[in-house]
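Just below is one structure, and these are the notes that go with it.
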């Protein structure tokens with residue numbers, strides 16, 4: 001079975017596919033066959049196109065705008081076969097923050113492009129856009145700077161390994177900017193797996209790895225990513241004003 005023909009199952013992700021046009025519904029059927037756990041939300045007149053699929057189908061008879069609130073509340077990923085402009089207007093009243101909003105993905109009516117619109121990193125829309133694109137033979141259009149620049153995503157580093165990020169939001173924002181601008185960054189690996197770099201490209205030259213925090217000349221680096229189980233004292237946070245992000249791997253995780 002080829003990559004485009006394979007089924008993708010993830011029982012922990014609440015995913016819905018939304019289609020409101022004839023061509024969009026046809027594309028959604030193709031995707032739904034490969035994502036049997038996904039719910040379908042479609043205009044009532046197109047519901048019959050999904051007959052025979054294992055997916056649960058919600059057919060609405062009113063306006064799509066009336067469906068957005070429950071879609072936001074009940075799903076982790078929403079894949080719209082709807083124009084980008086229409087999706088932006090539909091979701092605008094419901095946006096809260098990247099920590100709360102579901103991943104929003106738009107696929108054009110012809111199934112050529114897959115665009116993560118909202119919650120690309122924390123919400124997982126970037127990763128799901130790449131999955132969806134692979135399943136339907138489309139091109140993912142990812143615009144997040146760290147993904148385009150093939151560098152460290154500060155806000156979700158090590159998430160697939162179970163790491164928890166510990167830092168004020170301003171630190172994450174500032175250090176993320178330093179990373180994507182290619183400024184020197186120290187990564188201190190005192191705990192957790194060393195296999196956190198998963199991109200096929202080499203680690204950027206601006207990223208410098210250390211085994212212990214004491215080895216780092218703090219004056220040389222625009223940001224410090226500290227992977228540790230050690231307690232970080234208040235003085236350390238103050239000395240590294242807006243430059244420090246700490247990651248907590250699970251205790252006992254092997255290098």
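Over the chain, DSSP H runs of length four or greater, each weighted -39,500 (n - 2.57), average out per residue to a 222 nm ellipticity of -7000 deg cm²/dmol.
For the chain, what relative contact order do you get, as a whole percent, if you take Cα pairs closer than 8 Å and at least 6 residues apart?
RCO, the chain: 14 percent.
For segment 88-148 versus segment 9-40, the spacing of their alpha-carbon centroids is 14 Å.
Bridge orientation summary for the chain: considering DSSP beta bridges with both residues in this region, about 20 percent are antiparallel.
Under the √(5λ) rule applied to the eigenvalues of the Cα gyration tensor, what semi-axes describe the equivalent ellipsoid of segment 192-255? Give them in Å, descending.
So the equivalent ellipsoid measures 21, 17, 10 Å along its semi-axes.
Radius of gyration over Kirkwood radius for the chain, both on Cα atoms: the Rg/Rh ratio is 1.04. Whole-percent P(r), segment 15-143, all Cα pairs, 10 Å bins from 0: 14, 50, 33, 3. The residue 139 and residue 164 beta-carbon pair, evaluated with R₀ = 22 Å, returns a calculated FRET efficiency of approximately 0.05.
In this label model, residue 69 and residue 21 are separated by 2.8 nm, measuring between points 7 Å along each Cα→Cβ vector.
I need the fraction of alpha carbon pairs in segment 154-248 separated by more than 23 Å, rounded to a whole percent. Cα-Cα pairs of segment 154-248 separated by over 23 Å account for 14 percent.
For the pair residue 190 and residue 235, the difference between a 0.36 nm per residue extended length and the Cα-Cα distance amounts to 14.3 nm. How high is the relative contact order of segment 21-134? Use alpha-carbon pairs under 8 Å, at least six apart in sequence, and give a whole percent. Relative contact order, segment 21-134: 21 percent.
Here r is the Cβ-Cβ distance between residue 94 and residue 59 and R0 is 25 Å; the resulting FRET efficiency, rounded to 0.05, is 0.70.
Any read-out appearing in this document is the output of simple, stated calculations on the displayed coordinates, not a laboratory observation. Since the model is a prediction, treat every value here as computed from it, not as a measurement. Ideal geometry is used to build each Cβ from the backbone, glycine not excepted, and the neighbour counts take in all protein chains shown.
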